[in-house]
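Peer 1: Below is the structure I would like to discuss, written out as structure tokens.
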Amino acid sequence: MNQNFANARVISRPVRWMYLATGFFLVLTGFGQMPIFKRYYIADIPGLGWLAEFFVTHYIHYLGAIVLLALAAYMVADYLMSKRNSWNLTASGYVRIALLTGLLVSGALLVIRNLTGSSLTAGFIIFLDLTHLGLVMVFLFVSLYCLIFKKHWTTRR
Amino acid sequence: MEQQISRRSFLKGGMAAAAGVAAAGIPGTEALAAPDESKQLATLIDISKCVGCEACVDACSEVNAAKYPNPRKPFPKMVPSRVPVEDWSEKQDVNDRLTPYNWLFIQHAEVEINGEDTELTIPRRCMHCVNPPCVKLCPWGAARQLENGISRIDSDLCLGGSKCKKLCPWNIPQRQTGTGLYLDILPSMAGNGVMYKCDRCYQRVAEGELPACIEACPEGVQTIGPRDEIIKKAHALAREINGYIYGEKENGGTNTIYVSPVPFEELNKAVEKGKGKPHLKPVKDTMAQANNLAAAMLLAPVAGIAAAVGKYFKNARTLKRGSNQ
């Protein structure tokens, strides 16, 4: 209880909810880059037809990435300026930060790939595609583990 | 208290800045996205010269026959059952549309030129976009763009999800079920064959040869060269014949530039359109909207840090005020 209460204050509630909502839409639109939602009837559910529109999911994925980048920078800067003397990152916190960093870096490289005239090699692009997908799968499993076993990102010093 | 400060600082400062940047569009992104027109090769297709003899179609089939699908039958049972089986293996001779076995076809248009009814014939195939959405948004990197502007689909990697066809403004790629990598992974549950389209004879081009359709044409309908030079030639030809250009701006620019003696609006009305028979409508740049957000991604961390710094100083001021009281 104490840890929960303490942990709830290291990141404010609005920021936490914004992070969760952004993550949800990023995962949803990210999986939407594969042609699966139409095939498996998800896009047939009223209100979810947009999940089969690749340019729409792509655009929303970019918007989500902008919000995630801003949130990540905010949380890192806030931690370094105000929190690091009173809070420590836990092992699972480090793992999740490493995975998120990998997702942001591979995602940023894929954004560069999508610009006109980008010159990344075909082999590297395949590596990026698979890395981005692999990292999000691992991140989801780690997040599920942390949720079930109540592993927090930080702990009080 | 901490939560209120955090919410104000972050939401008002950081997110407003990021959203503003995202909504406004970023000056300079266009320059960042400028194609290297000296490296990409484009083709100029002079529609007024084409006689519809189909020598290009035959040459294409002959040269690319080894790349055509050789599906394994019976096809895996698809799950769910609504996933369409697309089998062209028994219809390999179809040449009046695009198929996995026919990457180039001749489109016919009855138009009026100088008061005379005239039939124009138009070679149609992949446009080889300067920034091809089929390549850029392929989830596996199975589609790729070569430095010389050719976009091609690697039949050893493609899973046949047909995303490229849906993304393509002209719906060019065509699927053959029962072939490719998906057969070795989850043949019923994921994938559905391989997508096929013109690869502008990339192996011949790499060896300094012409694409087969260009070499075989008895009328010299097509010319190939660096994109900037081809664009100049297209404009010169258009001026000469008082004609019209298609492909220079479509989808942000393509490497297939058509010049026609009649407006493309008329041609588009006159040609038969439908499955495997692409239109000639104007096409907006499909990759531009998302790419305009790219620069906002560079600014987003700055906005986040600014919000954290704002919160820090606001906190400090609040504490100072509290201690003074």
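Peer 1: Being within 13 Å of chain A (Cβ to nearest Cβ) and assigned to a loop (DSSP other than H, G, I, E, B) is the filter here, so list the residues in region B:200-219 that pass it.
Peer 2: The answer is none; no residue qualifies.
Peer 1: Oh, and also: Which residue is nearest to the other protein chains (Cβ to nearest Cβ), if the candidates are limited to region B:112-161 and must be open to solvent by 20 Å² or more (accessible area, probe 1.4 Å) and on the phi > 0 side of the Ramachandran plot?
Peer 2: The qualifying residue nearest to the other protein chains (Cβ to nearest Cβ) is B:N114.
Peer 1: Moving on to the next point. Which residue pairs have Cβ atoms closer than 8 Å, lie 6 or more positions apart in sequence or on different chains, and pair a first residue in region B:266-281 that is part of a loop (DSSP other than H, G, I, E, B) with a second residue that is of a type in the set (K, R)?
Peer 2: Listed pairs, sorted by first residue: B:V271/B:K277; B:K275/B:R97; B:G276/B:R97; B:P278/B:R124; B:H279/B:K273.
Peer 1: Also, quick follow-up: Any chance region B:225-247 includes a residue that's open to solvent by 20 Å² or more (accessible area, probe 1.4 Å), basic (K, R), free of Cβ contacts under 8 Å to residues at least 40 places away in the same chain and not in a helix (DSSP H, G or I)?
Peer 2: Within region B:225-247, none of the residues are open to solvent by 20 Å² or more (accessible area, probe 1.4 Å), basic (K, R), free of Cβ contacts under 8 Å to residues at least 40 places away in the same chain and not in a helix (DSSP H, G or I).
Peer 1: Determine whether B:E265 is surrounded by fewer than 17 Cβ atoms within 10 Å (Cβ to Cβ) and more than 14 Å from chain A (Cβ to nearest Cβ).
Peer 2: On the way: surrounded by fewer than 17 Cβ atoms within 10 Å (Cβ to Cβ): yes; more than 14 Å from chain A (Cβ to nearest Cβ): yes.
So B:E265 fits the description; yes.
Peer 1: For region B:282-325, how many residues meet the condition of being assigned to a helix (DSSP H, G or I) and of a type outside the set (G, A, S)?
Peer 2: Adding up the residues that qualify gives 20.
Peer 1: Looking only at region A:40-74, count every residue that is not in a helix (DSSP H, G or I) and not aliphatic (A, V, I, L, M) and tell me the total. Even if it seems obvious, please write down each step before you answer.
Peer 2: First, the residues of region A:40-74 that are not in a helix (DSSP H, G or I): A:40-41, A:45-48, A:53.
After this cut, where a residue has to be not aliphatic (A, V, I, L, M) as well, the list is A:40-41, A:46-47, A:53.
The qualifying residues number 5.
Peer 1: Name the single residue that is farthest from the other protein chains (Cβ to nearest Cβ) among those in region B:162-174 being among the basic types (K, R) and open to solvent by 20 Å² or more (accessible area, probe 1.4 Å).
Peer 2: Only one residue tops the list, namely B:K165.
Peer 1: Among the residues of region B:60-85, which ones are under 13 Å from B:Y196 (Cβ atoms) and either within 14 Å of chain A (Cβ to nearest Cβ) or open to solvent by 90 Å² or more (accessible area, probe 1.4 Å) (or both)?
Peer 2: Within region B:60-85, B:A66, B:N70 meet the criteria.
Peer 1: Which residue pairs have Cβ atoms under 9 Å apart, sit 6 or more places apart or on different chains, and have a first residue in region A:17-46 that is farther than 13 Å from A:L63 by Cα and more than 9 Å from every other protein chain (Cβ to nearest Cβ) and a second that is outside any loop (DSSP other than H, G, I, E, B) and aromatic (F, W, Y)?
Peer 2: From region A:17-46, the pairs are A:G32/A:W50; A:G32/A:F54; A:F37/A:F31; A:A43/A:W50.
The values are calculated or read from the model by the stated rules, or taken from the named source; none is laboratory data. Being a predicted model, the structure only gives us computed values, none of them experimental. No Cβ is skipped: glycine too gets one built from the backbone with ideal geometry, and neighbour counts run over all protein chains shown. Each accessible area value is taken on the protein alone, full model and side chains, heavy atoms only, with ligands, DNA and RNA left out. Shrake-Rupley method; radii C 1.70, N 1.55, O 1.52, S 1.80 Å.
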